[in-house]
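The next block holds one structure in the form of structure tokens; read it before the comments.
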Amino acid sequence: MSEPAPYAPWRKKPFAVIAADAGAVRIAAANSAARAAGVDPGLSLTDARAVVPTLKVVEADPAADRACLDAMLAWARRYTPWLAIEGLDERGGAGLWLDITGCAHLFGGEQALLQDVKSRLNRLGFVCRLGLADTPGAAWAAARCLTSSGAPACVPEGEQRTHLSMLPTTALRLSPRTLETLNRLGVRTLADLLVLPRAPLTRRFGQEVCLRLDQLLGRVDEPLSPEMERLPYVARINFAEPIGRTEDVEAALRDLLDSLCVRLEKDRKGIRRLVFEVFRVDNTADRIAMGTGQAVRRPEHLFRLFREKIDGLDAGFGIEFLMLTVTATDLMASEQERISIGTKPESERASQSGRDLALLIDRLEARLGSGRVVRPQIRASHIPERAAGFVPALSRVNQATLPGDVREAALLHSDFGRMRPGARPIHLLPKPESVDPMPVGASASPTQVMPLPGFSWRRQTYHLAAAEGPERIAGSWWRGALPPDRSKEQQSYFTLCEDGGAVREYWRVESEDGARFWLFYLPFPLLQSRADHQPRWFLHGLFA
């Protein structure tokens, strides 16, 4: 059995939750340290401070408690689909009901299941009380009043009366007023209640006491109202006779899309992922999945995405029913239509063009295939070949959604933000290509105004008329260290570039016939010829 999570030091100190009650601030719940010091639920905050001056308190937050219970309910579905929440009430209790009938053998038995629940909750930082019995009332009493030293409490089958008779009357889930009256009458345990005649109890307390006793002992059924898992947006249609014509499938799909879009409009949501399933009479099925670039709830647009796939659909011996499932949605604001006739404002035209582009991308994806339509994206890198790339057009991560620091780094380090227009070429080669420079005079060097008179590239010679530079771009030192000796000729430039060790001097040059290039050379004695020690030049990009 795991110990409670060590990251909650307040568990070892008196801690309580307070809430306003009848004009006074009272303790709604207290941890074990506070209870040991004498702080119990129902005590006023003033009295609690008198008992424990160092008591730490926080105000009750029912909404947060409910959200936590909802999260725990979803977590507990690993054990059984039949669960319910026991919400906060005047008794200060809250918890989960789990009906594990027919599920315990999947976890090695009831005891193994209880130990697994306890260990997992402890690792999550929760201290829990677990009770197992034939009836909900007996399980509640065992969890609240029968647990000792944190071990789960189990009531043997059919032995509720024997094992629970000595428990206090608080084990019956009675109202505080009824418990107070029973305590004044000297009825403090279940055994005291069980020997009393039922008629006087009914006259004095109504049906509450007898009903709780019968529920605990199993004489009266206590059905639970399970919290069913919320299903996604699903629409289906069954046919009285199998269909096989494409026109019939299209008509049914239109009806399904119309019904889904009406429901989504009420919830102010739009479709991002949609699955269309076709079930045939021979127990075979086809599944067609579609995605959209932005939230959409236009039936005609969604129908066009499926139309080409439906044309080639094999109906087999007949289609028995169709089902449409929305697997991903996004919030979507309602669109306001213009009443007046006239030219639309610039802002409205821009937003309309953005929606039209998203719809066009959806149709291209449906026709060409998933991931075939891409868009450029700026990346946070100062290395030219890493400063931009392509991502799927339907990818939800774009420049507008990047964090501020990453977006700023992408603009700054890629030099798009601080350099004048035209400082970077429009077209980058996939890899820098080596060029043959024309011989340079004895007094010339790459640091002069004209780095070289010309060069040959792809069997064509270019004579330079103008040049601008140099601009040094160093590799990413954090991606890999430089080799111990920069002069090693066996170390290729591309290997150094991948390792982050390449240092390049870039020049923007223009030939006599008007062509503009982005050249660089390696300033260190790397990849240089042993004979003349002339720099090696590379062509990396072309300007417009």
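The values are calculated or read from the model by the stated rules, or taken from the named source; none is laboratory data. These numbers come from a predicted model, not from an experiment. Neighbour counts are summed over all protein chains in view; Cβ atoms, including those assigned to glycine, are modelled from backbone coordinates with ideal geometry.
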Original post:
Mind checking whether some residue in segment 308-318 is touching a Phe, Trp or Tyr at 6+ places or on another chain (Cβ under 7 Å) and not hydrophobic (A, V, I, L, M, F, W, C)?
Top reply: no
Original post:
Any idea which of Ala34, Ala30, Ala63, Ala67 is under 21 Å from Phe126 (Cα atoms) and in contact with an Asp or Glu (Cβ under 7 Å, 6 or more places away or on another chain)?
Top reply: Ala30
Subject >> Matching entry among Ala139, Ala112 (being within 12 Å of Leu216 (Cβ to Cβ), among the small types (Gly, Ala, Ser), modelled with pLDDT of 90 or more and outside any loop (DSSP other than H, G, I, E, B)) >> reply: Ala139
Original post:
Given Asp255, Asp192, Asp248, Asp214, which one is charged (D, E, K, R) and closer than 30 Å to Thr80 by Cβ?
Top reply: Asp214
Subject >> Pair list, Cβ < 6 Å and 6+ apart or interchain, from segment 99-110 residues that are free of Cβ contacts under 8 Å to residues at least 24 places away in the same chain to residues that are among the hydrophobic types (A, V, I, L, M, F, W, C) and surrounded by 13 or more Cβ atoms within 10 Å (Cβ to Cβ) >> reply: Ala104/Leu113
Original post:
Can you name the residue in segment 282-329 that is of a type in the set (Val, Ile, Thr) and modelled with pLDDT of 90 or more and is also nearest to Glu250 (Cα to Cα) among such residues?
Top reply: Ile319
**OP:** Considering each of Ala74, Ala63, Ala37, Ala30 in turn, give the residue that is of a type in the set (Gly, Ala, Ser) and at pLDDT 90 or above.
**Re:** Ala37
Subject >> Filter result (surrounded by fewer than 18 Cβ atoms within 10 Å (Cβ to Cβ), in contact (Cβ under 8 Å) with a residue 12 or more places away in the chain, assigned to a strand (DSSP E or B) and out of contact with any Ser or Thr (no Cβ under 8 Å at 6 or more places or on another chain)) within segment 274-288 >> reply: Phe279, Asp286, Arg287, Ile288
**OP:** Select from segment 261-277 the residues that are out of contact with any Lys or Arg (no Cβ under 8 Å at 6 or more places or on another chain) and of a type in the set (A, V, I, L, M) and list them in ascending order.
**Re:** Val262, Leu274
Original post:
Can you find a residue in segment 33-48 that is within 20 Å of Arg129 (Cβ to Cβ), within 30 Å of the chain's Cα centre (by Cα), among the basic types (Lys, Arg) and part of a helix (DSSP H, G or I)?
Top reply: no
**OP:** Would you point out the residue of segment 223-243, among those that are surrounded by 15 or more Cβ atoms within 10 Å (Cβ to Cβ) and in a loop (DSSP other than H, G, I, E, B), that is modelled with the lowest pLDDT?
**Re:** Glu227
